[in-house]
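Written below as structure tokens is the structure these notes are about.
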Amino acid sequence: MERTLVLLKPDCLQRRLMGRVIARFEDKGLDIAAMKLMRVTPELARRHYAEHVRKAWYPELEAFITGGPVVAMIVAGPEAIRVVRAMAGATNGLEADPGTIRGDFSSSQQMNLVHASDGPESAQREIDIFFPARVGGAR
């Protein structure tokens, strides 16, 4: 059983797609091990996107992710990281395949509805950031 972090970004909630996106994960047989509605603070955004903070476009990313509520989830299942990323589709919604979350619902690079951890180390780091009180984190 592998675990990964999924964020339903502000645009997902604003467009009222939260239930449809969660249903896709559940329909695939993945488990929602933890879930909370929250606001991402600028400090939390900087921790989460640490590798991007010095990039010219980072202020726009921070403004977007802090601009509305998000749903943070720990999604669990066999090969959850790979499966969730495949379900999310290419980062740019214009390039994402039909049938993926971004391919079906997004037409933007930044407003792309979901974040999904890209590997085991980042999944653990991100789960620890968004669910710090969980004993044992993603283990």
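No lab work stands behind these numbers, since they all come straight from the coordinates. Worth saying up front: this structure is predicted, and the values here are computed from it rather than measured. No Cβ is skipped: glycine too gets one built from the backbone with ideal geometry, and neighbour counts run over all protein chains shown.
Per-residue Cβ neighbour counts within 10 Å put ARG16, ARG102, ARG39, ARG125 in the sequence ARG16, ARG39, ARG125, ARG102, beginning with the fewest. In the calculated pair-distance distribution of the range 47-98, the portion above 12 angstrom amounts to 76 percent of the Cα-Cα pairs. Restricting the calculation to Cα atoms, the range 57-139 shows an Rg/Rh of 0.99 when the hydrodynamic-style radius is the Kirkwood one. Amide H of ALA33 versus every other amide H placed in the peptide plane: which residues, excluding those fewer than 5 positions away on the same chain, fall under 5 Å? Placed amide hydrogens put ILE74, VAL75, ALA76 under 5 Å from ALA33.
Rg and Dmax of the chain, both derived from C-alpha coordinates alone, stand at 13.9, 39 Å.
Taking θ as phi - 60° and the Karplus parameters 6.51, -1.76 and 1.60, the scalar couplings of the range 7-20 work out to 10, 8, 6, x, 5, 5, 6, 4, 8, 6, 9, 3, x, 5 Hz in sequence order, x denoting glycine and proline. From its DSSP helices (H runs of at least four residues, each -39,500 (n - 2.57)), the chain gives a residue-normalised ellipticity at 222 nm of -10500 deg cm²/dmol.
Sequence-distant contacts, meaning Cα pairs under 8 Å at least 6 residues apart, place the relative contact order of the range 8-99 at 39 percent. Ranked for footprinting exposure by Cβ neighbours inside 10 Å, fewest first, LEU5, LEU17, LEU94 give LEU94, LEU17, LEU5.
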